[in-house]
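Below is one structure, written out as structure tokens, with a few remarks after it.
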């Protein structure tokens, strides 16, 4: 079967739901909130997503180790159709597949983690208040100081799944989501940070605990991505998250 554009959400949901943790981001992007910014490609039961909702289009292509070769065949067919510049999240080895057409830059190993031990999380006292659109200016100031260059879509505040902790009236910690889909019962945590002045007090863990408590009634799988060399990896392990897959984030620049 040659690569084809796929426009049927039901077909995509069936394929991606076979591994909802690995494909949590793609499942979330099937929701109306993200769907208009997506292009989907399929070859047999392998799926790749090109997300257009950010300045630099982002390619997501994940497979289990035993199926990576099949996904590589899809990307081989798809590569000539991709934008000249894009960002990519790829199962290990797929960056090498695309290197025939693209220069690979800034490649870094990341871990997909999933909440597998809620008992650990339950030992953390949650803290924080729900943030909304009115908190956007303060939140942007926090990110500019504590997490410059992060990916944050202000529309995500409309989900009600951002929790912030204040100290002396100042927003110093936030935990939010990149994806939240009650339809497909998945969430991906993201944009978690603490102001440098307030670090070391356990505030990020408390905010994540509060957010996960909010998510518990609407999703079955809570996931997150973390760079392999990020010290926050140890925090997430203490909170009950475990590594379930590795992937590479990288920039792709067409060789033409």
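Since every read-out is calculated from the coordinates, none of them should be taken as a lab result. Everything quoted here is computed from the prediction, not taken from an experiment. Here the Cβ positions follow ideal geometry from the backbone for every residue, glycine too, while neighbour counts run over all protein chains shown.
Listing for the model above:
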quantity: Relative contact order [Cα under 8 Å, 6+ residues apart], the chain, whole percent; calculated: 26 percent
quantity: Extension gain (nm, one decimal) between residue 145 and residue 64, 0.36 nm per residue minus Cα-Cα; calculated: 25.4 nm
quantity: P(r) of the range 117-239 over all Cα-Cα pairs, binned every 5 Å from zero, in whole percent; calculated: 2, 11, 23, 26, 21, 12, 3, 0
quantity: Cα shape, the chain, gyration tensor, a/c 1.5 rule; calculated: prolate
quantity: FRET efficiency for residue 129 and residue 238, using Cβ-Cβ distance with R0 set to 22 Å, rounded to 0.05; calculated: 0.45
quantity: FRET E, pair residue 9, residue 201, Förster distance 51 Å, beta-carbon r, rounded to 0.05; calculated: 0.75
quantity: Taking the range 117-239 and dividing mean pair separation by its residue count, relative contact order in percent (alpha carbons under 8 Å, at least six apart); calculated: 29 percent
quantity: Of 51, 147, 25, the one that fluctuates the most in a GNM where the chain has Cα springs shorter than 10 Å; calculated: 147
quantity: Residue 166/residue 104 FRET efficiency (R0 51 Å; Cβ-Cβ; nearest 0.05); calculated: 0.75
quantity: Cα radius of gyration and Dmax for the range 1-144 (Å); calculated: 17.7, 52
